[in-house]
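Reading through the structure tokens given below for one structure.
The values are calculated or read from the model by the stated rules, or taken from the named source; none is laboratory data. Because the structure is predicted, anything quoted here is derived from the model rather than measured. In this analysis, Cβ positions are derived from the backbone assuming ideal geometry, glycine residues included, and neighbour counts consider all displayed protein chains. What goes into the accessible areas is simple: the full protein's heavy atoms, side chains included, and nothing from ligands, DNA or RNA. Shrake-Rupley method; radii C 1.70, N 1.55, O 1.52, S 1.80 Å.
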Amino acid sequence: MEGHDQHAGGAEAEKGRADIYDGDGVVRASFLSQVGAAIADRDTLALKRDVGDLHQSELGHLLEAMLPDQRRALVELLGTDFDFSALTEVDEAIRLDIVDHMPNAQIAQAVQDLDSDDAVYILEDLDQEDRDEILSQLPFTERVRLRRALDYPEETAGRRMQTEFVAVPPFWTIGQTIDYMREDKNLPDRFSQIFVIDPTFKLLGAIDLDQILRSRRAVKVEDVMHETRHAIPATMDQEEAAREFEQYDLLSAAVVDENDRLVGVLTIDDVVDVIQEEAGEDLLRMGGVGDEELSDSILSASRSRVPWLLVNLFTAFLAASVIGLFDDTIQRIVALAVLMPIVAGMGGNAGSQTMTVTVRALATRDLDIYNAWRVIRREVGVGFINGVVFAVLIGAVAATWFQNVNLGGIIGAAMIINMFAAALAGILIPLTLDRLKIDPAVASAVFVTTVTDVVGFFAFLGLATWWFGTS
């Protein structure tokens, strides 16, 4: 009966969690209202009942859906029952808003219950003064671990790693290892590998848990361990580390310092976060909005967008200056003013397509010096074929619209030229920026757009001036 009750209780809890979201995966308005009412009444018992059992990701979604004052009140009312790991599920602006309204002593108490990678994720965004004060209130061992991780550069494996791991010497037996894991209460809650180290903590190898279960107690660790061929340097960029996981299908990997000493472990859940974060950053950078987040203030969002808008303004003047070279032709043939945005716009879209494929291929290392020319030929071929297809289409439309076959032929020729140039620019500009160690996701778009605008206007208006000027 007790087992049945536990099962029923678990099912009820699962049902409760499912009711948080509507059919589109958004936090239900009714649940938000329910939590908001409990906050307004300062009903701590109701909040613990409704929010206390939420998974950290669910609590994170709830925090993002709430108003700032409600978030702070929720954290205050829950006190020590607030799951601090939920702050790793929200964006930086929300996280800082919450911790900025919490006393450092409370933060210090909360981070002690977190895995070291989650604690670092929260502490790294704080001011140095607050961070030092929080660290000073932690136990010595925990403080040393977190300081070591925080000393590594941002967006490196050292910042993402867990400093809690299981390590044993090679001369231990499997039986000793199992007893150690059963008796030591300071081991991490979840792990899939046990690392083998020498007295100086130099990494010698690793044993998977399934190998331990299959081995007899008397067997020595060194006899069943395997060499760790994919140890991650702590200073390796987190994106490079994620690529190692993807290439070798890793679930976890040892993190070592410059002397090959074991300092932590990187796990697949952290790598998934890195992949999502890096993909999001690349997408935002291609749009010229930097690291903007939805919770950023109006002024902050404006500041992040202004620099590239200024660059676009200067390139727009460059394109306008090209149009100015042919103002006499445009005054004589007004149809040119109607049609020239089509040439530039189609070239811009084609260039963006090629640029997106190229930047993504560079990010995933699918495009390198060995296959670059093959890819360039492919993209140029695609650009030429698409140029011919749309040249016939827009040429026929223009000739019919303005009753002028010559105008249709001119815009068709300009379309082929610009689509060809767009394909070249879309692949060569990101490749060149990458060779110059400039992030192609950030800088490619504005240059590709400039090329397609300038070439499109110059080709169309130049051909029109030459043809109608000599006919």
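Quick check on my filter: what residues within the range 413-424 are open to solvent by 10 Å² or more (accessible area, probe 1.4 Å) and not aliphatic (A, V, I, L, M)?
Scanning the range 413-424 gives a single hit, PHE420.
Scan (1) crowded, with 20+ Cβ neighbours inside 10 Å; (2) closer than 19 Å to GLN162 by Cα for the single condition LEU74 breaks and write down its number.
Here LEU74 meets the rest and fails (2).
Tell me the residue from GLY383, GLY395, GLY347 that is open to solvent by less than 50 Å² (accessible area, probe 1.4 Å) and either in contact (Cβ under 8 Å) with a residue 60 or more places away in the chain or of a type in the set (Ser, Thr, Tyr) (or both), please.
None of the others qualify; the one that does is GLY347.
Would you tally the residues in the range 170-180 being farther than 27 Å from ASP270 by Cα, open to solvent by 30 Å² or more (accessible area, probe 1.4 Å) and not in a strand (DSSP E or B)?
Residues in the range 170-180 being farther than 27 Å from ASP270 by Cα, open to solvent by 30 Å² or more (accessible area, probe 1.4 Å) and not in a strand (DSSP E or B): 4 in total.
Results for (1) outside any helix (DSSP H, G or I); (2) over 21 Å from LEU463 (Cα atoms); (3) touching a residue at least 60 places away in the same chain (Cβ under 8 Å), shown as yes or no for each residue.
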residue	(1), (2), (3)
THR400	no, no, no
ASN406	no, no, yes
ILE416	no, no, no
LEU433	no, yes, no
ILE438	yes, yes, no
ALA445	no, yes, yes
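Can you list residue pairs whose Cβ atoms sit under 9 Å apart, with the first residue in the range 38-54 being over 17 Å from TYR21 (Cα atoms) and the second being among the polar types (S, T, N, Q)? Count only pairs 6 or more apart in sequence or on different chains.
Listed by first residue and then by second, the contacts come to ALA38/THR44; ILE39/GLN70; ALA40/GLN70; ALA46/GLN34.
Residue by residue, here is whether (1) over 31 Å from the mean Cα position of the chain (by Cα); (2) under 30 Å from GLY469 (Cβ atoms) holds:
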residue	(1), (2)
THR364	no, no
LEU367	no, no
ILE394	yes, yes
ILE416	yes, yes
ALA425	no, yes
LEU436	no, no
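Pick out, from the range 87-158, the helices (runs of 4 or more DSSP H) lying fully within it that include 1 or more residues that are open to solvent by 40 Å² or more (accessible area, probe 1.4 Å), within 25 Å of VAL274 (Cα to Cα) and of a type in the set (Phe, Trp, Tyr).
Hits in the range 87-158: 116-123.
Here is a list: LEU313, LEU362, LEU367. Which entry is open to solvent by 30 Å² or more (accessible area, probe 1.4 Å) and either over 30 Å from GLY408 (Cβ atoms) or in a loop (DSSP other than H, G, I, E, B) (or both)?
Working: LEU362 fails: open to solvent by 30 Å² or more (accessible area, probe 1.4 Å); LEU367 fails: open to solvent by 30 Å² or more (accessible area, probe 1.4 Å).
On inspection, the qualifying residue turns out to be LEU313.
Please go through the range 200-233 and pick out each residue that is farther than 25 Å from ASP115 by Cα, of a type outside the set (A, V, I, L, M, F, W, C) and surrounded by fewer than 18 Cβ atoms within 10 Å (Cβ to Cβ).
GLN211, ARG214, ARG216, ARG217, LYS220, GLU222, ASP223, HIS226, GLU227, ARG229
Just checking, how many residues over the range 17-67 are under 28 Å from the mean Cα position of the chain (by Cα) and loosely packed, with under 14 Cβ neighbours inside 10 Å?
Of the residues in the range 17-67, 9 are under 28 Å from the mean Cα position of the chain (by Cα) and loosely packed, with under 14 Cβ neighbours inside 10 Å.
Please go through (1) modelled with pLDDT under 90; (2) in a strand (DSSP E or B) for ARG285 and return the number of the only condition it doesn't satisfy.
Failing condition for ARG285: (2).
Across the range 425-471, which residue is nearest to ILE369 (Cα to Cα) among those that are of a type in the set (S, T, N, Q) and open to solvent by less than 10 Å² (accessible area, probe 1.4 Å)?
The selected residue is SER444.
Take PRO199 and tell me if it is in contact with a helix residue (DSSP H, G or I) (Cβ under 8 Å, 6 or more places away or on another chain) and at pLDDT 90 or above. Quick ask: steps written out before the conclusion?
Working: in contact with a helix residue (DSSP H, G or I) (Cβ under 8 Å, 6 or more places away or on another chain): no; at pLDDT 90 or above: yes.
It is false that PRO199 is in contact with a helix residue (DSSP H, G or I) (Cβ under 8 Å, 6 or more places away or on another chain) and at pLDDT 90 or above.
Specify which of the listed residues (LEU32, LEU54, LEU47, LEU63) is at pLDDT 85 or above, in a loop (DSSP other than H, G, I, E, B) and either of a type in the set (A, V, I, L, M) or in contact with a Leu (Cβ under 8 Å, 6 or more places away or on another chain) (or both).
LEU54 is the lone residue from the list that is at pLDDT 85 or above, in a loop (DSSP other than H, G, I, E, B) and either of a type in the set (A, V, I, L, M) or in contact with a Leu (Cβ under 8 Å, 6 or more places away or on another chain) (or both).
For the range 234-244, which residues satisfy the criterion of being open to solvent by less than 20 Å² (accessible area, probe 1.4 Å) and under 16 Å from the mean Cα position of the chain (by Cα)?
Residues satisfying the conditions are GLN238, ALA241, ALA242.
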